[in-house]
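Participant: Take this structure first; my questions come after.
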């Protein structure tokens, strides 16, 4: 179903669609083997367009827009298999802009000159993001972090927003990539992007600004991350589905287009239902929540659904293509791999469901 | 779920909640099957006198003219207290259709009694030989002077034996090709001579639906809605309304509450496997609420639900069945009793609810037919 958008929102979506024309499967293939696995100049271009500061208040030179606008841009990024981590950069900029005085890194982060990404996860199968084992010691100005974060999109990053436990509960800290005591162990993923384990040993850090009136900064950034990745997953499944439906219309067997067979038509409708329900959920949550105080139950619900549905859709797209879908040469596999990556970031569907149990009180 | 109430909306919500608590008879709360008219209609009349029976109707026609948010609030509060389903054929189907396609005289005659709850409507679409292939319907209406003579049979007609009027699809041109072009939309007084109604018992044990026989029933020509032979288009406009209404998340929300109650009573709520599956179901209910809000929003923008409403119907009805599967699982060995199960948290109908839910993927066009419609009309897949 169509989204009900303002003319400004439509313009934003169109300009994002234009941006991703230059991306797509061909470009994504090129970056699979490169370091970093994206074009820093393109990240700056996204910064020039204002997207990295999309959630940053106008008073701090951002666009001052909301979750709907963020989701519109990231949906297009997902469709185009964009490799530049626009979503992670944009939500980190939002976190740096909270509080009375923005963080010194904010300007460069918004411009795309410095890439700052969240480092929140500590457990292989997902965990309670509000009880990190990362320890923070010292006072602001002389903070030190010790601990380990997993599955960090550290590729090309200049700094991290790290969650840690201090005296007053979970705290969000900024750590520079080149800080002493900061170590990265990096692995290549099947998708092409690299993921890292970030080890900190007495690494100097400073507090990411937070406002007491808002949700806890860690909770806020985590929920924002769930939304951002979900919007990108939505774009991935939409595009994979379109490619597949086109194939069903042209591929002939038994003398007819295979899309005329009821078994395949019904499966096609199943994909369509997954995509449409995910889109409604993403955009309804976006329209009804402030970026920095998203209802945690809704954020978790969105990520659970987007993760599961994107995998369902992209796996089925391979099946509907038959043998050609199993080849590296065909693009459809790139969408499955992107869905694998994004559905796993910040916790997969099962991890989200376990958190939902706790948040919604589905216990005895 | 998605909209934080404005102060005015929060006040409205509390008004609704307080009024429902004070006025909805306890015996009508949490019922699985629709209560019979003798129990249900006094509640309908009470809502009507309060001005709340048709939140989605414009004030011009006696509705509440409620905003989208107010409609959602009403739905949520009705679900919260376990209010019974009202007969919907008048409020959700023929009412909106007459507003769109009816003559002034038809509106004046039929809309006020729907609001007042003095006339109950039935929908006459399915026939013994025309189920999924609805366009093959053969109940014949012959125009003779200033009236139609109707002969044939309708079946699976919800609440026909309690109803006063029926809106029906009838064949007015047996030769028309395609067959859809020979169908008209007619309003029939069910108290007319020549009509016989036989209730049909369902697997859930109730007699919610009937078969209706027409033996040369005289129907005034002014009871035709729209143009002669144009009934198919009107019915399809109406199906959009029906599918949207039946996928109201109210039912899924009620089912979710029943599962939690049953699972706490049986003890399975402590099981992590069950918890995760319940979380998955709750998340799907959240998605249904989003889908519904999205569709209502578009509706209010003047984009009436098209074939996409089939998608909402499939998702909503299949989810309701999945919820009933969880309910059966939560009840374990108790699931077979045909009486509500008493728990410390209230009585829960298990088998009856599960059996009732079999109908939702069949009525209003089966899930399989909806998938055919979507594949062709929305996905543009070849035939």
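Participant: Tell me whether segment B:7-86 comes out rounded, prolate or oblate; compute the Cα gyration tensor, take square roots of the eigenvalues as a ≥ b ≥ c, and use a/c under 1.5 as the rounded threshold.
Facilitator: Oblate, because a/c is 1.5 or more while a/b does not exceed b/c.
Participant: Among A:69, A:113, A:84, which one shows the biggest mean-square fluctuation in a GNM of chain A, springs joining Cα atoms closer than 10 Å?
Facilitator: Ranking A:69, A:113, A:84 by mean-square fluctuation puts A:113 first.
Participant: Which of rounded, prolate, oblate describes segment A:117-207, given a ≥ b ≥ c as roots of the alpha-carbon gyration tensor eigenvalues and a/c under 1.5 marking rounded, otherwise prolate only if a/b is larger than b/c? Walk me through the numbers before you get to the answer.
Facilitator: Details: a/c = 2.34, a/b = 1.44, b/c = 1.63.
Taking the square roots of the gyration eigenvalues as a ≥ b ≥ c, segment A:117-207 is oblate.
Participant: Follow-up question, since we're still on this one. For the residues A:91, B:81, what sequence is obtained by ranking on other C-beta atoms within 10 Å, fewest first?
Facilitator: Ranked by crowding around the Cβ, least crowded first: B:81, A:91.
Participant: Between helix B:37-50 and chain B, what is the angle of the helix's C-alpha long axis to the longest principal axis, kept within 0 to 90° and rounded to the nearest 10?
Facilitator: Rounded to the nearest ten degrees, it is 90.
Participant: Next question, about the same structure. Give me the extension gain from residue A:4 to residue A:327: residue separation times 0.36 nm, minus the current Cα-Cα distance, reported in nm with one decimal. Don't skip to the answer; put the middle values down first.
Facilitator: Details: separation 323, 0.36 × 323 = 116.28 nm, distance 3.85 nm.
Answer, rounded to one decimal: 112.4 nm.
Participant: I'd like the Kirkwood hydrodynamic radius of chain B, using the inverse of the mean 1/r over distinct C-alpha pairs, in Å. Walk me through the numbers on the way to the answer.
Facilitator: Values: mean 1/r = 0.0455 Å⁻¹.
The Cα-based Kirkwood calculation yields 22.0 Å.
Participant: In degrees, nearest 10, range 0 to 90: what is the angle between the Cα axis of helix A:86-96 and the longest Cα principal axis of chain A?
Facilitator: Relative to chain A, helix A:86-96 is tipped by roughly 20 degrees.
Participant: Could you work out how far apart the two model spin labels at residue A:184 and residue A:30 are, taking each label as a point 7 Å from the Cα in the direction of the beta carbon, and quote it in nm?
Facilitator: Between residue A:184 and residue A:30, the label points sit 2.2 nm apart.
Participant: Can you list the residues of segment B:76-99 with backbone N under 18 Å from a point 7 Å past the Cα of residue B:10, pointing along Cα to Cβ?
Facilitator: Of the residues in segment B:76-99, B:77 have backbone N under 18 Å from the label point off residue B:10.
Participant: Now a separate question. State, to one decimal in nm, how far the label point of residue B:136 lies from the label point of residue B:207, with both points 7 Å from Cα in the Cβ direction.
Facilitator: Result for the modelled spin labels: 3.0 nm.
Participant: Using Cβ contacts closer than 10 Å as the measure, can you line up A:146, B:118, B:139 from fewest to most? It would help to have the intermediate numbers written out before the result.
Facilitator: Values: A:146 16, B:118 13, B:139 23.
Listed from fewest to most nearby Cβ atoms, that is B:118, A:146, B:139.
Participant: Which whole number gives the average count of other chain Cβ atoms within 10 Å of the Cβ atoms across peptide B:266-279?
Facilitator: Counting other chains' Cβ atoms within 10 Å and averaging over B:266-279 gives 4.
Participant: Over the whole of B:369-376, what's the average partner chain Cβ count within 10 Å per residue? Rounded to a whole number, please.
Facilitator: Values: counts 0, 3, 9, 4, 1, 8, 12, 2.
What the average comes to for B:369-376 is 5.
Participant: Could I ask something else about it? On a full-extension model of 0.36 nm per residue, what is the gain between residue A:131 and residue A:262, subtracting their alpha-carbon distance, rounded to one decimal in nm?
Facilitator: 42.2 nm
Participant: Starting from the Cα gyration tensor of segment B:121-230, take the square roots of the eigenvalues, sort them a ≥ b ≥ c, and report rounded, prolate or oblate (rounded when a/c is under 1.5, otherwise prolate if a/b is larger than b/c, else oblate).
Facilitator: Oblate, because a/c is 1.5 or more while a/b does not exceed b/c.
Participant: Given labels modelled 7 Å from the Cα in the Cβ direction, how far is it in nm from residue B:215 to residue B:29?
Facilitator: Going by the 7 Å Cα→Cβ label model, 4.8 nm.
Participant: Test of understanding: what is the full-extension gain from residue B:50 to residue B:71, defined as 0.36 nm times their sequence separation minus their Cα-Cα distance?
Facilitator: 6.0 nm
Participant: Normalised by the number of residues in chain B, what is the relative contact order in percent for Cα pairs under 8 Å and 6+ residues apart?
Facilitator: Relative contact order comes out at 13 percent.
Participant: Using a Gaussian network model on chain A with a 10 Å cutoff between Cα atoms, which of A:252, A:315, A:18 fluctuates the most?
Facilitator: Among A:252, A:315, A:18, the largest GNM mean-square fluctuation belongs to A:252.
Participant: Let me ask something else. Could you let me know the centre-to-centre spacing of segment B:34-68 and segment B:123-178, using Cα atoms, in angstrom?
Facilitator: Here the answer is 28 Å between Cα centres.
Participant: Another question, then. Build a GNM of chain A with springs between Cα atoms under 10 Å: which of A:38, A:160, A:245 gets the top mean-square fluctuation?
Facilitator: Highest fluctuation among the options: A:245.
Bear in mind these aren't lab numbers, they're just calculated from the coordinates by the rules spelled out. Owing to the predicted nature of the structure, the values given are computational and were not obtained by experimental measurement. Here Cβ is always computed from backbone atoms with ideal geometry, including for glycine, and neighbour counts include all displayed protein chains.
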